[in-house]
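In what follows, a structure is listed as structure tokens, so that the remarks can point back to it.
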Amino acid sequence: MPPFPSLGPSPPSVGRDQRPRHGHRSNHSATKVEWASELAANGPTYPAKGAGWPSSGDGPTRIDRTVWRAWPARTWGRLRLSARFALASAAILCAGALILGSWVTREIETSVLRRVAADSALYVEALVGPNLQSLATGPLSGPDRGELGAALDRARLGARVVSAKVWSPDGTIVFATGPGLVGRRPLSRGLPAALAGSVVSERSDLDGEENVYERSLASSLIETYIPIRLVSADRVIAVVEFYQLPDLLELELDRARSSTWLIIAVATAGMYALLAGIVRAGSDTIDAQRRDLEATVAELASTAVRLREVGASRAETDEAVLRRVARELHDGLAQDLAAALLMLERGAPGSREGHARAAIESALSEVRSLARGLALPDLAPLDLSEVIEQACADHERKTGRTVQRDLDPPAGSPALPTKIAVYRVLEEALSNAFRHAPSAAVHVRAFADRDRLVVECVDDGPGLPSDVVAGLGIRGMRERVELIGGGFEITRPSAGGTCVRATLPVAT
């Protein structure tokens, strides 16, 4: 057994001559404070192996005993549910099996003893009963005594009887195979019940005063009392007590015990295996669900962190978009409107209307272009293939460049945020490909990867430089995809060019 742990040094005891007197209690209080501070600073300490109990007076401290008593509870709490059930059910089933086996064995022993006694009693009564009828009128005569001895000899051979006694109704021994018992009236436990008409049989340790002869034969015998009735009336006229060797009884009892314990052991093992299997399956299910729950919680925590990061980045991106819109309005629309206003105020009378009209038309074209860039087409009624076709067709209409398609998206119509993300990612990826590689071929692929949609925009241009810094467009694509739980990456294929890859959920 490991030594008891100690939770740090104990506060020093205060002897009779060290007790603080009135007005000087601060020293002892300071000692307690120092001990508590040292315990808090250093934590619990444990003695080295073999050091035995920590010294704190005459034995372990109260804290030591508390920690040691709490150890089984902590160990039990660390076990799996199936392990705890296996230990508890094994203890309960074993205890139940022992109790049941002991009770059944005792009942079997009693039943076998009664059956053997009944069989022997019938045999002995049939042999010696006729020779005891004279006891109804007086003592045994000499001829009757001789015939009784011969009958008992036959009974001893047939029923394995090693000793016998005959009792008269007044409790006197009138015949005995052992010497010195005839005429005596010793106390006997089974005699009163036999005189009342019952056959009494039990295993005897031969501790009675009338068992001196029997003790010389064996350490224990089967003792049976048989009432002998008068033939002409239902009256007990004598009791025959005989002793048998228990070897045959023990042999039969051993067989009965062996079969009984075998049946109980097999039944207990079967019940234990069945219950343990059921609980093991349930425990495995609970453990799997716990692991799934922990994985889900971890994923949710990671998603929450990613959403906070994306939210912060999205705020920055939104500010950049607003600055871009403000710049477009200031540099385009505002300048055209200002020129038109100057033309109307200061231009020559013949030309001011024409120049003002041209400036206003330029401003209107700028507004329409800006509106087309900000507004999306109606994507709600479209499926994934139609959304991708719409993005590619819009790009072809604006740039005149053909976009190759290889579309095999998953079936069904996903949520609108997914459609918007697909459209915006393709719009920005195709625009970047046209801007940086106008003469390169562009290929758009869409396919299902388990429960996700994968959209790729690949060009065979020069590819992005290794030190490229993500601009507003790349950041916007990444944020749109990650906000709905997807993944985004830009890679350089082995054949060259650039691959923009977005993996998005397709749950409806």
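The values are calculated or read from the model by the stated rules, or taken from the named source; none is laboratory data. In this text, all values refer to a predicted model and were calculated from it rather than measured experimentally. Glycine gets a Cβ as well: all are built from the backbone with ideal geometry, and neighbour counts include every protein chain shown. Only protein heavy atoms, including side chains, enter the accessible area calculation; ligands, DNA and RNA are left aside. Shrake-Rupley method; radii C 1.70, N 1.55, O 1.52, S 1.80 Å.
Output the residues belonging to segment 376-401 that are without any contact (Cβ under 8 Å) to a residue 12 or more places away in the chain and open to solvent by less than 60 Å² (accessible area, probe 1.4 Å).
Once the filter is applied, which keeps residues that are without any contact (Cβ under 8 Å) to a residue 12 or more places away in the chain and open to solvent by less than 60 Å² (accessible area, probe 1.4 Å), segment 376-401 yields 393, 396.
Looking only at residues that are closer than 17 Å to residue 124 by Cβ and open to solvent by 60 Å² or more (accessible area, probe 1.4 Å) in segment 203-243, which one is modelled with the highest pLDDT?
The extreme case among them is 229.
Which residues, taken from segment 93-109, are surrounded by 12 or more Cβ atoms within 10 Å (Cβ to Cβ) and either within 26 Å of the chain's Cα centre (by Cα) or in contact (Cβ under 8 Å) with a residue 60 or more places away in the chain (or both)?
93, 94, 96, 97, 100, 101, 104, 105, 108, 109
Any chance segment 176-198 includes a residue that's touching a residue at least 60 places away in the same chain (Cβ under 8 Å) and either more than 60 Å from the chain's Cα centre (by Cα) or open to solvent by 30 Å² or more (accessible area, probe 1.4 Å) (or both)?
no
Has segment 429-449 got any residue that is in contact (Cβ under 8 Å) with a residue 60 or more places away in the chain and either part of a strand (DSSP E or B) or at positive phi (or both)?
yes
So, residue 426, is that one touching a helix residue (DSSP H, G or I) at 6+ places or on another chain (Cβ under 9 Å), aliphatic (A, V, I, L, M) and buried (at least 18 other Cβ atoms within 10 Å of the Cβ) or not?
So residue 426 fits the description; yes.
How many residues are touching a residue at least 12 places away in the same chain (Cβ under 8 Å) and open to solvent by 20 Å² or more (accessible area, probe 1.4 Å) when one looks only at segment 489-499?
6
Each row is one residue, and each column tells you yes or no for (1) touching a residue at least 12 places away in the same chain (Cβ under 8 Å); (2) of a type in the set (A, V, I, L, M, F, W, C); (3) in contact with a Phe, Trp or Tyr (Cβ under 7 Å, 6 or more places away or on another chain).
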site	(1), (2), (3)
121	yes, yes, no
126	no, yes, no
132	yes, yes, no
139	yes, no, no
153	no, no, no
170	yes, no, no
207	no, no, no
210	yes, no, no
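Taking segment 128-149 on its own, how many of its residues are open to solvent by 40 Å² or more (accessible area, probe 1.4 Å) and of a type outside the set (Asp, Glu)?
So the answer is 9.
Taking residue 384 and the conditions (1) closer than 23 Å to residue 497 by Cα; (2) at pLDDT below 90, which numbered condition does it fall short on, given that it satisfies the others?
Going through the list (1) closer than 23 Å to residue 497 by Cα; (2) at pLDDT below 90, residue 384 breaks only (1).
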